[in-house]
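Asker: Sharing a structure with you now.
The values are calculated or read from the model by the stated rules, or taken from the named source; none is laboratory data. Bear in mind that the values here come from a model prediction, so they are computed numbers and not experimental data. Please note: Cβ atoms are built from the backbone with ideal geometry, for glycine as well, and neighbour counts cover all protein chains shown.
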Amino acid sequence: MKLNHLLPITCIICRYNVAHKEFPVCADCLHHLQTLLTTECRTCGRVPSACTCPRSDNHRFAFFYGSPVSQGLIYLLKTDTDKRVMEFVARLAVNACGLKPEAFDAVAYVPRSKKNLYFHGVDQARELAKAISAVYGIPAIDCIRRVGGKEQKLLSRDERMKNMKSSFVIKEDFHIEKPYKKILLVDDVYTTGATTKTCASLLRGRVSDSVVVFTLAKTNFLK
Ligand SMILES: [Zn+2]
Ligand SMILES: [Zn+2]
């Protein structure tokens with residue numbers, strides 16, 4: 001007899017409370033997530049799925065980054081290696097912003113810097129792409145490589161953009177017969193959009209005819 005059938009399942013997020021009957025998370029965590037998904041944009045006043053603020057590329061996101069709950073969730077995804085958490089969050093985020101992953105031929109991601117990867121041990125954008133791939137059954141492709149690039153903090157705005165452009169390349173060993181029609185490019189947080197813009201333009205034409213950007217969060221700041 002398996003004992004885990006008799007024991008209540010613990011929430012995969014807080015690892016403390018008993019999970020809700022239908023979800024792997026507890027009522028408290030579910031409430032926090034619900035609040036996150038409905039927190040309004042500080043610039044246009046709309047919920048994330050309806051935010052009309054101008055963004056580069058075709059970009060969708062699920063919640064605003066800035067509140068302690070959103071920071072806690074992103075931190076959890078960076079440090080937690082339980083893939084059920086990423087799959088649950090990916091499904092929730094995709095549903096919240098009305099994205100239809102089935103409409104894409106493949107999912108790619110913005111790779112972390114070596115320094116970041118060394119620090120956290122997890123490439124959260126890669127894990128998010130893998131989770132979307134697993135949940136929706138679309139292939140995940142590993143085609144972007146991050147190269148040198150200087151520390152962004154020390155550069156002016158123009159220098160940053162130039163530096164960003166030279167920070168990513170298509171992997172030398174990535175070959176496809178002909179470009180995909182439509183791919184989803186994922187990252188965890190959208191700040192200025194410079195990173196996703198750079199990667200999307202790198203992919204466009206060479207890897208895919210069209211690119212849609214999806215991030216879990218977008219920074220919530222007043223203009
Ligand atoms: Zn919980
Ligand atoms: Zn907005």
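Asker: Taking segment 41-57 only, how many residues are at pLDDT 90 or above and either on the phi > 0 side of the Ramachandran plot or not in a loop (DSSP other than H, G, I, E, B) (or both)?
Answerer: Number satisfying all stated conditions: 4.
Asker: Output the qualifying pairs, or none if there are none: Cβ atoms under 7 angstrom, residues six or more apart or on different chains, first residue in segment 72-85 and of a type outside the set (D, E, K, R), second residue assigned to a loop (DSSP other than H, G, I, E, B).
Answerer: Between residues of segment 72-85 that are of a type outside the set (D, E, K, R) and residues that are assigned to a loop (DSSP other than H, G, I, E, B), the close pairs are Leu76/Ile13; Thr79/Val122; Thr81/Val122; Val85/Ile12; Val85/Ile13.
Asker: Also, I was wondering about something else. Just the residues that are surrounded by fewer than 14 Cβ atoms within 10 Å (Cβ to Cβ), within 16 Å of ligand 2 (Cβ to nearest atom) and over 11 Å from Asn220 (Cα atoms), please, taken from segment 16-52.
Answerer: Passing the criteria: Thr38, Arg46, Ala50, Thr52.
Asker: Return the pairs, sorted by first residue and then second, in which the second residue is of a type in the set (Ser, Thr, Tyr), the first residue lies in segment 87-99 and is assigned by TED's automatic domain parsing to the domain that holds Ile183, the beta carbons are less than 8 Å apart, and the residues are 6+ apart or on different chains.
Answerer: From residues that are assigned by TED's automatic domain parsing to the domain that holds Ile183, the pairs are Val94/Tyr136; Ala96/Ser49; Cys97/Ser49; Gly98/Ser49.
Asker: A further question follows. Could you please find all residues in segment 177-216 being β-branched (Val, Ile, Thr), in a helix (DSSP H, G or I) and without any contact (Cβ under 8 Å) to a residue 60 or more places away in the chain?
Answerer: Initial filter on segment 177-216 (β-branched (Val, Ile, Thr)): 183, 186, 189, 191-192, 195-196, 198, 207, 211-213, 215.
Subset that is in a helix (DSSP H, G or I): 195-196, 198.
Thr198 - this is the single residue of segment 177-216 that is β-branched (Val, Ile, Thr), in a helix (DSSP H, G or I) and without any contact (Cβ under 8 Å) to a residue 60 or more places away in the chain.
Asker: Additional query: Give me the residue from segment 1-14 that is loosely packed, with under 12 Cβ neighbours inside 10 Å and in a loop (DSSP other than H, G, I, E, B) and, out of that set, modelled with the lowest pLDDT. Working first, answer last.
Answerer: Of all residues in segment 1-14, those loosely packed, with under 12 Cβ neighbours inside 10 Å come to 1-8.
Now restrict to residues that are in a loop (DSSP other than H, G, I, E, B): 1-2, 6-8.
Working: Met1: 53, Lys2: 56, Leu6: 60, Leu7: 66, Pro8: 73.
Here the answer is Met1.
Asker: To continue, here is another question. Please indicate, with yes or no, whether at least one residue in segment 8-17 is under 20 Å from Leu99 (Cα atoms) and not basic (Lys, Arg). Break it down stepwise before answering.
Answerer: First pass over segment 8-17, keeping only residues under 20 Å from Leu99 (Cα atoms): none.
There is no residue in segment 8-17 that is under 20 Å from Leu99 (Cα atoms) and not basic (Lys, Arg).
Asker: Still on this structure: Go through (1) within 16 Å of ligand 2 (Cβ to nearest atom); (2) outside any loop (DSSP other than H, G, I, E, B); (3) in contact with a Phe, Trp or Tyr (Cβ under 7 Å, 6 or more places away or on another chain) and name the single condition Glu102 misses.
Answerer: Here Glu102 meets the rest and fails (1).
Asker: Continuing with the same structure: In segment 73-93, how many are loosely packed, with under 15 Cβ neighbours inside 10 Å and assigned to a helix (DSSP H, G or I)?
Answerer: Within segment 73-93, the first condition is being loosely packed, with under 15 Cβ neighbours inside 10 Å, and the residues that meet it are 75, 79, 81-84.
Subset that is assigned to a helix (DSSP H, G or I): 75, 79, 83-84.
So the answer is 4.
Asker: Please determine whether any residue of segment 23-38 is in contact with a strand residue (DSSP E or B) (Cβ under 8 Å, 6 or more places away or on another chain), farther than 25 Å from Thr195 by Cα and within 11 Å of ligand 1 (Cβ to nearest atom).
Answerer: Checking segment 23-38: at least one residue is in contact with a strand residue (DSSP E or B) (Cβ under 8 Å, 6 or more places away or on another chain), farther than 25 Å from Thr195 by Cα and within 11 Å of ligand 1 (Cβ to nearest atom).
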